[in-house]
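So the structure is just underneath, and the comments pick up after that.
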Number of protein chains: 4
Amino acid sequence: MELNEKQIQIIETAERLFAERGFDGTSVRDIADEAGVNVAMISYYFGSKEKMMEALFELRVGSVKIRVESLIKDESLSPLEKVNMLIDEHIDRVMQKQCFHKIMMGVVATNKNPAILKAANSVKIRNAEVVTELIKDGQKKGVFKKKIDVILMMNTMVGTVSQTMMSQTYYREFNKQQDMPDEEFELLLKRRLSIHIKTLFKAILTNEA
Amino acid sequence: MELNEKQIQIIETAERLFAERGFDGTSVRDIADEAGVNVAMISYYFGSKEKMMEALFELRVGSVKIRVESLIKDESLSPLEKVNMLIDEHIDRVMQKQCFHKIMMGVVATNKNPAILKAANSVKIRNAEVVTELIKDGQKKGVFKKKIDVILMMNTMVGTVSQTMMSQTYYREFNKQQDMPDEEFELLLKRRLSIHIKTLFKAILTNEA
Amino acid sequence: MELNEKQIQIIETAERLFAERGFDGTSVRDIADEAGVNVAMISYYFGSKEKMMEALFELRVGSVKIRVESLIKDESLSPLEKVNMLIDEHIDRVMQKQCFHKIMMGVVATNKNPAILKAANSVKIRNAEVVTELIKDGQKKGVFKKKIDVILMMNTMVGTVSQTMMSQTYYREFNKQQDMPDEEFELLLKRRLSIHIKTLFKAILTNEA
Amino acid sequence: MELNEKQIQIIETAERLFAERGFDGTSVRDIADEAGVNVAMISYYFGSKEKMMEALFELRVGSVKIRVESLIKDESLSPLEKVNMLIDEHIDRVMQKQCFHKIMMGVVATNKNPAILKAANSVKIRNAEVVTELIKDGQKKGVFKKKIDVILMMNTMVGTVSQTMMSQTYYREFNKQQDMPDEEFELLLKRRLSIHIKTLFKAILTNEA
DNA sequence: CATGAATGAGTCTTCATTCAT
DNA sequence: AATGAATGAAGACTCATTCAT
């Protein structure tokens, strides 16, 4: 689906509002008002509110698949390096599109939109398959342990990042870093998250201390 | 707040529906119909839909604080044992009240209800303080590492459990365990989660392999 | 209809609230709460909200008829003295039961309750008949003019008093008498109203300057 | 606020119904049905039922101020002529917009809508000020008495007209004029009211018989 | 192509009243 | 005799969507 400039503008406003108030908590009028367009435009451009949500999903998720797959295929990297890059990619993706990831948590929790649910699941399955292959490769090369629960490991990565993203204001308060500039704090947070998860994964994957 | 039998019945129906469809996605009529009561009863008993949500929150969260604090004070347990018990307690709590935890993810994501948000935050802060003390105790006794990011560690526990709970159907499919009885699968899942997170925490907290 | 103590208590609370918020703007729950009784009592004692209103009307109006008629029959008074006494009686009645008269203005404006409307009309007609007789008596005695529009005259009395009662706060402000004690101001107002209306009536009824 | 044709249509239906049944006694559905429009239109056009009432008030009162002030400034008229014109203007205004004036009596009685109450008060204050000036002018010119209670005088005018308007059916019955055509009766009533009030005012204002 | 006007269905809440106790 | 619990009906209002222009 090709999106023109105005459609992008609408969809990004919707993304922000959905993240702030939830899908059902946001009216198309809210979106139209904030985006500075006519109410009828949402139906006109996307068919319905639901369909707009699907368009948003497609826009944000579409690119992910390709990047992951190409990363995996890179022959110049060791299995552990690949895993670490996956972690950093995920952290970057979530932190860059925080609104979208907040929305997705809500969408996955409620079974409302089957189209999105199905698409989200297929992405997750594809990711799991790719990572499983990567793990198997590491095991064959003798750098990874034998028994590894890939799903739980992925859940730890995804869950930790989501949880941290959702409660970053609180993290900031707890660590007394309210005065730090936003960008600097985000960089710090991403670095710490990266080290944290890599440490966890190393403990799961390898026999090293 | 004392809740009578009918109020509990209504609140539990609401809990399930909120988990399935979200707060805004569930109408009071839906709840009343499923609970087999009159629509007006929600306002009659709780004052409003919002207030009912707060009553649900209070009902589910009220007991948590006390249990955590008493666990921590138990002198007969080592710091690591306490941490491990905390993990198991959390897993049990989430898996037993899956609906409620799904709802909470949605509530925390959207800033809708300030009363709940505030209460939820105070619970989180109290928990973090308690765990921090526990960690400090372990450090003083020389069994835990010096530098530990308590918040990230907690985020890993909470995030992993939530993520796993949310996607358990998918976990089942991936591991080809659809034929396993529900209860057996849940037990298996909890055991694996427990071992998984304890392993992670050991890697974070101690110097052992 | 005999009213017991509790019924009087309810009816007087209702009277105040109806005056403040209008009949439809006051809920039976409001009345019950303020009167400190159970909600069901209103239906229990009066049958319905509407019937309670009728009971209130009967309570307040019942006594009026007799007093007016006996006044008229008093042989020791001149026609003008009788008219003047009628004026003072009316002023006293309205100022003493301000709440009730506020309500009546609303009831008469809207055609809601036929029972009350009919009763109110019969009171008005009876009064007009009595006054007409009184006027005729004065005319026969040669102290009153020939052509007198009794209705318009009565409307002036009733209208002036109502209007003044309704806007007394404003009258007080305009005349800079906010510091005067309530009771003192009410006395002043009644005296001025009395003189004012008697002056008007004299101009209508007699040929004197 | 500019009102389009449909808004006027709705507002005039509402005016009639409010006069017949009171503000709280009239539902937006009643108004919509009688005006032949969709229920949602009331909120769509005016924001709320309350706001519609305010729009009605503004529509009816807006023009009054200017007319009164310009009348007062007319140098070619004597003070008494001005007072008499004020009386006729008031009678015409009330008799022409009977519904609106019925509503206003209810609104002023109950303290419900602060916006309208405030606006109504400011109109009344302005009118009193203008009339006061007019009276002072007459006193300076020696045609009016020294001691005049402007407020009570105005209350007599407003009260008499309102009272007569409200009970005109009864006036008709009493005078056996049911067979007279409506328009003829209204003219008669206005003429009589005019003479009646002018007589009263002359008695208050001047020393003539 | 884009939109202002309009709407039917749905929202939550409040209402006066009833009924079992 | 008196009431707490309960309810169907109605309340005002918001919603996503449609349609004529």
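None of the figures in this text is laboratory data; all of them are computed from the coordinates on show. All figures in this text were calculated on a predicted structure; none of them were measured in a lab. Glycine gets a Cβ as well: all are built from the backbone with ideal geometry, and neighbour counts include every protein chain shown.
Which distances, in nm and shortest first, link the A:S43 label point to the same label point in every other copy, taking 7 Å along Cα→Cβ?
1.6, 2.9, 4.2
Write down the radius of gyration of region B:1-150 and its Dmax, each obtained from C-alpha positions, in Å.
Taking only Cα atoms of region B:1-150, I get Rg and Dmax of 18.6, 60 Å.
Name the long-range amide H neighbours of D:T206: under 5 Å, sequence gap of 5 or more, or other chain; modelled H, no Pro or chain starts.
Those qualifying (amide H under 5 Å, at least 5 residues apart or on another chain) are D:K145.
Which distance in Å, rounded to a whole number, links the C-alpha centroids of region A:90-157 and region B:166-200?
With region A:90-157 and region B:166-200 each reduced to a Cα centre, they are spaced 16 Å.
How much net charge surrounds D:D92 when only other residues with a Cβ under 12 Å from its Cβ are counted (Lys, Arg +1; Asp, Glu -1)?
Result for the neighbourhood of D:D92: +2.
Regarding region A:5-56, what's the average projected area of the Cα-atom convex hull, expressed in nm²?
2.9
Local charge sum around B:K112 (other residues, Cβ-Cβ under 11 Å, Lys/Arg +1, Asp/Glu -1)?
-3
State the Cα centre-to-centre distance between region B:27-73 and region C:47-85 in whole Å.
First find each Cα centre; the distance between them is then 57 Å.
At 10 °C and 1.306 mPa s, what whole-number value in µm²/s does Stokes-Einstein give for the translational diffusion of region D:120-178, with Rh from the Kirkwood sum over Cα pairs?
Diffusion coefficient, whole number: 116 µm²/s.
Using helices alone, what [θ] at 222 nm do you get for the protein assembly as shown, with -39,500 (n - 2.57) per DSSP H run of 4 or more residues, divided over all residues and rounded to the nearest 500?
-26000 deg cm²/dmol, from helical runs alone.
Using a 7 Å offset from the Cα along the Cα-to-Cβ direction at both D:M85 and B:R67, what is the distance between the two label points in nm, to one decimal?
Going by the 7 Å Cα→Cβ label model, 8.6 nm.
Please give every one of the lysines within straight-line cross-link reach of A:K146, meaning a C-alpha to C-alpha distance under 29 Å, and leave out same-chain neighbours fewer than 8 residues apart.
Straight-line reach from A:K146, under 29 Å: A:K65, A:K73, A:K82, A:K124, A:K136, A:K198, A:K202, B:K145, B:K176, B:K190, B:K198, B:K202.
Counting Lys and Arg as +1 and Asp and Glu as -1, what is the net charge of the other residues whose Cβ lies under 14 Å from the Cβ of C:Q139?
Every neighbour counted, the sum reads +4.
For chain D, what is the relative contact order in percent, using Cα pairs closer than 8 Å and at least 6 residues apart in sequence?
22
Across the protein assembly as shown, what fraction of all alpha-carbon pairs, as a whole percent, falls in each successive 10 Å bin from zero upward?
Going out from 0 Å in 10 Å bins, the protein assembly as shown shows 2, 10, 16, 16, 11, 9, 10, 10, 8, 5, 3, 1, 0, 0 percent.
Residue of C with Cβ nearest the axis relating C to A, plus distance in whole Å?
Whole-Å result, nearest residue of chain C to the axis: C:S27, 15.
Compute the label-point distances linking D:E133 to its equivalents in the other copies; points lie 7 Å from Cα along Cα→Cβ; give nm, one decimal, shortest first.
Taking the point 7 Å beyond Cα along Cα→Cβ, the inter-copy spacings are 5.2, 7.6, 9.1 nm.
Once whole DSSP H runs in chain D are found, which of them have Cα atoms spread over 20 Å or more along the helix axis and a mean Kyte-Doolittle score of at least -1.0?
Passing helices, by number: D:5-21, D:49-73, D:79-96, D:114-140, D:150-166, D:182-205.
Can you tell which of A:L134, A:L187, A:L17 shows the greatest fluctuation in a Gaussian network model of chain A with Cα springs below 10 Å?
A:L187
Using a label point 7 Å beyond Cα on the Cα-Cβ vector, give me the inter-copy distances for B:N121 in nanometres, one decimal, shortest first.
3.7, 3.9, 6.4
Given 37 °C and 0.692 mPa s, how large is the Stokes-Einstein diffusion coefficient of region D:147-196 in µm²/s, with Rh as the Kirkwood radius over Cα pairs?
Answer, rounded: 274 µm²/s.
Loop by DSSP (not H, G, I, E, B), at most 10 other beta-carbon atoms within 10 Å: where is the longest site-free stretch of chain D for trypsin sites (Lys or Arg not before Pro)?
Result, exposed sites excluded: D:1-145.
Could you pull the Cα extents of region A:61-108 along its three principal axes, largest to smallest, in whole Å?
Projected onto the principal axes, the Cα atoms of region A:61-108 cover 37, 18, 17 Å.
Send over the semi-axes of region A:62-205's equivalent ellipsoid, whole angstrom and largest first, taken as the square roots of 5 times the C-alpha gyration tensor eigenvalues.
The equivalent ellipsoid of region A:62-205 has semi-axes of 26, 21, 13 Å.
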